[in-house]
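Just so it is clear, none of the values below were taken in a lab; they were calculated from the coordinates. No experiment lies behind these values; they were computed from the predicted model shown. When we count neighbours, we look across all protein chains shown, and the Cβ atoms used for this are built from the backbone with ideal geometry, even at glycine.
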Amino acid sequence: MTRQHIVFLTGAGISAESGLSTFRGKDGLWTKEEFQYLASTDCLYEHTQKCLDFYNMRRKQLAEVEPNEAHRLIAELEKEHEVTIITQNVDNLHERAGSSHVIHIHGELTKVCSMNNRTTCVKEYPLTTPIMVGDKAEDGAQLRPYIVMFGEYVDSMNVAVDYVSNADIFVVIGTSLQVYPAAGFINYAHHLVPKFVIDPGEMEKCEQLGFTHFKTTATEGMKMLIEAFKEL
Ligand code: APR
């Protein structure tokens, strides 16, 4: 296969094999009602330290896990192809596996910003340093995680849609496609380009759009995808 622009849309499922829980699976984060509140701007403003501690727990957990084979197989594709990853994940496992073009549309656990305005005073912050009430951003406002919380707008929406619309190959891995706008990205891939979805669950929406569904885990599915690329 000649050099292609391969665009991936990834979700929590690709990090499941690294030990990070998904949101809506049987043991998912969001199945426990209070977690949805903890990840909301209501909690950030009404119970600031409680919200910060929820993210401090997730930041500390991220420091203790590693990228898995699926992350590494995607990174290796960069040797022969242009690869863009649009991820809903706030972990840095794609980057740590070696991927060089990752667009985080829900923010990043490795960064902090100003409570005054989430798009300002953005900087890297050690995962193992808890963010506490009283910690200040450069603008003097309270420091907060650089995360798109429930109640906030998603970043880089138009950029992401552009990449999907112009992809030579589009691959969806490990997302239940229940949260918009990311869930709508599958409609933007050109109907004639090869489209794949890797997920052990049912993915009817993708199948109706002509996606080839590898109904398995991210790592097994990536191996099947690489085999399928040989036929393209
Ligand atoms: N390999 C691949 N996919 C997997 C695996 C695995 N090992 N394990 C689970 N999955 C699949 C599930 O079948 C499901 O389709 O991963 C998907 C996880 O779905 P969600 O938990 O809903 O996560 P995601 O789609 O990323 O959530 C999107 O919702 O609350 C927001 O900000 C949050 O970014 C998140 C967004």
Q. Farthest toward the dipole's positive end in the chain, which of TYR37, LEU143, VAL133, given Cβ charges of +1 (Lys, Arg) and -1 (Asp, Glu) about the Cα centre?
A. VAL133
Q) Can you give the angle from 0 to 90° between the axis of helix 218-229 and the longest principal axis of the chain, with both taken from C-alpha atoms, to the nearest 10? A) 30 degrees
Q. Taking the chain, how many lysine pairs are there with alpha carbons less than 22 Å apart, if each pair must be eight or more places apart or span two chains?
A. 24
Q) Which residue, VAL112, VAL133, VAL172, tops the fluctuation ranking in a GNM of the chain built on C-alpha contacts under 10 Å? A) VAL133
Q: Take every DSSP beta bridge whose two residues both sit in the range 1-130, then give the antiparallel share in percent to the nearest 5.
A: 20 percent
Q.
For the chain, what does the helix formula give at 222 nm: sum of -39500 (n - 2.57) over DSSP H segments with n ≥ 4, over the residue count, nearest 500 deg cm²/dmol?
A. -8000 deg cm²/dmol
**Q.** All-pairs alpha carbon distance profile, the chain, 5 Å steps from 0, percent
**A.** 1, 7, 14, 19, 19, 16, 11, 7, 4, 2, 0, 0
Q. If you line up the Cα atoms of the range 48-122 on their principal axes, what length do they span on each, largest first, in Å?
A. 45, 26, 16
Q. What list of ³J(HN,Hα) values in whole Hz, one per residue of the range 161-173 in order, does the Karplus curve 6.51 cos²θ - 1.76 cosθ + 1.60 (θ = phi - 60°) give from phi, with Gly and Pro shown as x?
A. 4, 4, 5, 5, 5, 9, 5, 7, 9, 10, 10, 10, 9
Q) Given a Förster radius of 30 Å and the C-beta distance between GLN49 and SER156 as r, what FRET efficiency does 1/(1 + (r/R0)^6) yield to the nearest 0.05? A) 0.55
